[in-house]
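Take a look at the structure below.
Just so it is clear, none of the values below were taken in a lab; they were calculated from the coordinates. None of the values given here were measured: they were computed from a predicted structure. Here Cβ is always computed from backbone atoms with ideal geometry, including for glycine, and neighbour counts include all displayed protein chains.
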Amino acid sequence: MSNQKILVFDIEAAGVQGLKADRSFVVAFGFKWLGEKKTTVITVLDYPGKDCQDDGPLLKAVSEIISKAEGMIAHFGSFYDRPFLEARLLRAGLPPIPNSRLTDTCLVARKKFCLSSNRLGNLAEFLEVYTKKMDKRG
C-alpha cells in the first residue's frame, strides 16, 4: 500500500448563484484522508469572518489541508469543486491548489461504466457501498 496522503473531499457552497464562485461562497469543506476512518467537516461557523458570507478564514484552513495532499479524490471535482475552490482561494489572496493529481469519480464512472446515472448516490448503490443515506431509506 502506498504511503501517499490522498485527500477525499467535497465542498458545499451558498449564495445567490451557488454554482458560481463570484456569486457565492464556501460554507463547508468535508474531507477524509484515504485509509483513515475519521471524516471531518469544517464550516464558516468554525472559522468566522467579518460577516456570514466571508469564507476567507475557512479557506485558509482548507488551503492548509489541501497543501498536505499528494493526491485528491472528489466526485465531479474536475468541473465544480476544484475550479470553485481555485476561484475562492484567489479571491481570498491564498495560494492556488497545488498541482496534485485529482481523481474525479464522476469522470471515472462516465468513462468506465454504462450506468443510468453517474451521480454519487447511484454509483454507491450500484457498487453496494454503504452510505448514511441508506439508513434513512429503510
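Cβ under 15 Å from ALA92's Cβ, ALA92 left aside: what net charge do those residues give with Lys, Arg +1 and Asp, Glu -1?
On the way: positive: LYS50, LYS60, ARG88, ARG91; negative: ASP22, ASP51, ASP54, ASP55, GLU64, GLU86.
Combined, the nearby Lys, Arg, Asp and Glu give -2.
In deg cm²/dmol and to the nearest 500, what is the mean residue ellipticity at 222 nm of the chain if only DSSP H runs of at least 4 residues count, each as -39500 (n - 2.57), divided by the residue total? All intermediate terms of the calculation are to be shown ahead of the outcome.
Numbers: 5 runs with 42 residues, N = 138.
Rounded to the nearest 500, it is -8500 deg cm²/dmol.
Per the Debye calculation on the chain with a single equal scatterer at every Cα and no solvent contribution, log₁₀ I(q)/I(0) for q = 0.13, 0.15, 0.20 Å⁻¹ amounts to -0.61, -0.81, -1.29.
Around SER117, with a cut-off of 13 angstrom between Cβ atoms, what is the net charge of the other residues, counting Lys and Arg +1 and Asp and Glu -1?
Values: positive: ARG110, ARG119; negative: GLU125.
Net local charge, SER117 excluded: +1.
Against the chain, whose longest principal axis is taken from its Cα atoms, helix 82-91 shows a tilt of about 10°. Relative to the dominant Cα principal axis of the chain, helix 56-66 is inclined by about 50°. Note on SER116 and LYS50: their simple-model spin labels are 5.0 nm apart, each label 7 Å out from Cα toward Cβ. Annotated for the chain: lysine pairs at least 8 residues apart or interchain, Cα distance under 23 Å, count 23. A simple rule links phi to the HN-Hα coupling: the Karplus curve 6.51 cos²θ - 1.76 cosθ + 1.60 with θ = phi - 60°, which for region 48-54 gives x, x, 6, 8, 5, 9, 7 Hz, with x for Gly and Pro. The stretch between THR40 and SER100, if pulled fully straight at 0.36 nm per residue, gains 19.5 nm over its current Cα-Cα span.
Peptides 105-112, 83-90 ranked from most to least packed by the mean count of surrounding Cβ atoms within 10 Å: 83-90, 105-112.
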